[in-house]
């Protein structure tokens, strides 16, 4: 089959890609052989929208070529594959299982090399291609094209909501509940700066001084205030948090981000906010939950709340 390759053009493409990702996710029995809708949303609304990390125009789309109908009108083309960046010089691949061919996979990798590789100051270009450990058809192409696997991997963890959910109440002096607004939103912004920037008070203040970045995130299609969980200390500060993105079409949920402010760590707060989120998801009808982890502390936390199963997202690198 022949495909039409083009770049992302407009908002209509955004919604079509979301539906494509849902379809592929379900066809793959909810294994992360491609991005989930929540990850695509988070990339668009936070990484691109807030951080300026990449652009929607960097996304490449392969479509089937519509056949002519009886009235000579062209039928809607179906998305067969998508390649998008996440970090600088990175490529992520999503492909409909009905349209897999080695030729299409090769074209996807070549397109990523041409449009997403990072150019070092010395002129050397480098691409970091991310693939699921079970996607041998992608890895075969990458090896043939001279890629080598790096030591950097993401643990794509998952658990069933049918399994028991740990009872993990917060310690005395803390309350776990959904995020409020007003001053509490500012505290959430402040906590994010402390948690993700090594207790850097300057970054935390900057986050709090202009909370528009969090307002932007709250406009993402899957955002729900009742799944934006926080642990509030007795002085009103946000001590720990996790935001959960629930897709009722696939009945799956994605935790991103999860963190605890350094001054409040080692008190079980991360476990408390996640377990309360899991209970809420179960009541909403979710049947499977996902979270990604890289570091030992994150591995330990997520395992403790039932995310014991995982697949590896492997990093394959080539200097071009």
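Derivation of every value follows stated rules applied to the coordinates shown; laboratory data play no part. Source: prediction; values computed, not measured. Cβ atoms come from the backbone with ideal geometry, glycine included; neighbour counts cover every protein chain shown.
Some observations on this one:
- Averaged over residues, the count of other Cβ atoms within 10 Å places the peptides 178-191, 230-243 in the sequence 230-243, 178-191, highest first.
- Exposure proxy ranking for 134, 158, based on other Cβ atoms within 10 angstrom of each Cβ and starting from the fewest, stands as 134, 158.
- Put in order of Cβ neighbour count within 10 Å, fewest first, the listed residues 133, 103, 154 become 103, 133, 154.
- Nearest-ten-degree value, helix 102-116 long axis tilted from longest Cα axis of the chain: 60
- Stretching the chain fully between residue 299 and residue 50 yields a gain of 86.9 nm (0.36 nm per residue, less the alpha carbon separation).
- Per-pair calculated FRET efficiency, R0 = 41 Å: residue 215 and residue 103 via Cβ, rounded to 0.05: 0.40
- For the pair residue 163 and residue 122 in one chain, pulling the backbone fully straight at 0.36 nm per residue adds 9.5 nm over the alpha carbon distance.
- For the pair residue 224 and residue 266 in one chain, pulling the backbone fully straight at 0.36 nm per residue adds 12.4 nm over the alpha carbon distance.
- Computed from Cα atoms, the angle from the helix 183-196 axis to the main principal axis of the chain rounds to 70 degrees.
- The sum of -39500 (n - 2.57) across all DSSP H runs of n ≥ 4, divided by the residue count of the chain, sets its helix-only mean residue ellipticity at 222 nm to -9500 deg cm²/dmol.
- Label point distance in nm, residue 143-residue 287, each placed 7 Å from Cα along Cα→Cβ: 3.5
- Whether the chain is rounded, prolate or oblate, judged on the alpha carbon gyration tensor where a/c under 1.5 counts as rounded: prolate
- Global geometry of region 138-183, whether rounded, prolate or oblate, following the gyration tensor of its Cα atoms and the 1.5 cut on a/c: prolate
- For the chain, the longest principal axis of the Cα atoms and the long axis of helix 11-27 meet at an angle of about 90 degrees.
- Among 122, 216, 132: highest mean-square fluctuation, GNM of the chain, C-alpha pairs under 10 Å: 122
- Gaussian network model of the chain, Cα within-10 Å springs - most flexible of 200, 167, 151: 151
- Of 283, 225, 44, the one that fluctuates the most in a GNM where the chain has Cα springs shorter than 10 Å: 283
- Taking other C-beta atoms within 10 Å as the exposure proxy, 139, 126, 2 rank 2, 126, 139 from fewest upward.
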